[in-house]
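Below is one structure; the comments refer to it alone.
The values are calculated or read from the model by the stated rules, or taken from the named source; none is laboratory data. The shown structure was predicted, so the numbers you read here are calculated from the model rather than taken from an experiment. Using ideal geometry, Cβ is built from the backbone for each residue, glycine included, and neighbour counts are taken over all protein chains shown.
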Amino acid sequence: MPYKPILRCLLWLLLLNCFFVTANAQYFDITGHKKKVNIPFRMVRNLAIIQLKINNKGPFNFIMDTGAGLMIITDPTLIDSVNIPNKRILKITGCGTGRDFDAYVTSVLDIQIPGLTSYNVEAAILKEDHFGLSNYVGMPIQGLLGYDFFCNLAVKVDFSDSTITCYRPKDDRLFKKGEKIPISIENHKPYLLAKVHLPDGSVKESKMVIDLGAGHPMSLDKLADEHQLRWNYIMANLGMGFNGPISGYLSRINEIDIGKYDIKNLISSFPEGDSVKMLMDAKRDGNLGIDLLKRFTVVFDYPGNAIYLKPGETLKDPFEHDMSGLEYYATGDDFKRVIISRVEPGSAGDAIGLEKDDEILSINLKPIAKMSLEEVDDLFKSRNDRSLLLEVYHDKHYDNVILTLKRRI
């Protein structure tokens, strides 16, 4: 199956809860009388990934995603490997351009995360892997864990030490050092109100989804006119909806105010036209993604209709975007090959003739097989006018090229 890029707006499109109703509440709870449970996670390409087992099989890698309405299994091979005998078909319609497609809804699964017990948790299994998450991340990814994980517990996500801590919500000690921000839970997703300072100088109170599954800092769904962005924007492929690519713009927002925190000069996505219509399930204005959230320690308290924010050391770090114009994915044994999937017209990569399906073999003489995709990402957004030596396989030839990074927004 050809790779389909999933970038900044990774999975704010998960509207499956609109199509799925269960007779029993689906949730997790702390096993026994423990006061808290610590769960390690990995941050890979701005995604928080934990390991879990399903029906005593695994471990499997799942992305934590507060934008997902229920548990999603994106790897269809799990249908047989975890022994799911009872399933029914679910028709899914989502944003993007393309066709609808089918998924299975499972019977109740035993989701095994050390220290937690799952209750009545069912999942949707995609009949085809429409997202290519494993290729995007550079490691096997089997699915997404959403509302079911967060709905019954207070969940602290500490990005400084890559630890998720689950508490019972009545444990008040958890919240003493955080700024309390009221939220609402609608259609199984958390929303908050923030003030957004647009590039044209206007200020708008905006209803935002808090979305751990989105890799970007933020997105705004409603933009009356791209001229509001002035000259500082680029056209972009923002990611994949259930039905296909989501097109739009990338630009910078002057400021967003969340509680007492004023976060300045951050990058935002602006999905375009019909691509975003299916996202308006709760009259939202946009979402806040992990590239902003990771600058805090965040406590999600769904039962108390609040989140708590404690600033981290990176809060004031500048927001940077890719300066190469290249989109790429990992493939091959152990995901050690990197293939270009798209070259942004007018970008640094376009200027030196790189094309879709070219393979990157090394950067500054370091073999790509010895680098993670995150290392590649960091190099490509490291410094304006920085020159990098790339070895590429292009048009059936091995070439050495100099890529000079250019800040585009």
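Residues in the range 134-144 include none that are at pLDDT below 85 and loosely packed, with under 15 Cβ neighbours inside 10 Å. In the range 168-187, the residues that are more than 17 Å from Lys207 (Cα to Cα) and in the same structural domain as Pro311 (by TED's automatic domain parsing) reach residues that are at pLDDT 80 or above and among the aromatic types (Phe, Trp, Tyr) with C-beta atoms within less than 6 angstrom, at least six apart or across chains, in these pairs: Leu174/Tyr167; Phe175/Tyr308; Gly178/Tyr308.
Per-residue answers, yes or no, for (1) outside any strand (DSSP E or B); (2) modelled with pLDDT under 75:
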| position | (1), (2) |
| --- | --- |
| Pro169 | yes, no |
| Lys180 | no, no |
| Pro190 | no, no |
| Val196 | no, no |
| Pro199 | yes, no |
| Met208 | no, no |
| Leu223 | yes, yes |
| Asn237 | no, yes |
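Among the residues of the range 358-387, how many are part of a strand (DSSP E or B), among the hydrophobic types (A, V, I, L, M, F, W, C) and either surrounded by fewer than 17 Cβ atoms within 10 Å (Cβ to Cβ) or in the same structural domain as Val137 (by TED's automatic domain parsing) (or both)? Going through the range 358-387 one residue at a time, the tally reaches 0.
Checking Gly346, Gly312, Gly353, Gly325 one by one, the residue that is touching a Ser or Thr at 6+ places or on another chain (Cβ under 7 Å), closer than 23 Å to Asp385 by Cβ and not acidic (Asp, Glu) is Gly325 and no other. For the range 344-357, the set of residues classified as at pLDDT 95 or above, at negative phi, assigned to a loop (DSSP other than H, G, I, E, B) and loosely packed, with under 15 Cβ neighbours inside 10 Å consists of Glu355, Lys356, listed by residue number.
Checked against the criterion of being at pLDDT 90 or above and of a type in the set (Phe, Trp, Tyr), the range 243-264 has at least one qualifying residue.
In the set (1) touching a residue at least 24 places away in the same chain (Cβ under 8 Å); (2) exposed (fewer than 14 other Cβ atoms within 10 Å of the Cβ); (3) not hydrophobic (A, V, I, L, M, F, W, C), Lys316 fails one condition alone, (1).
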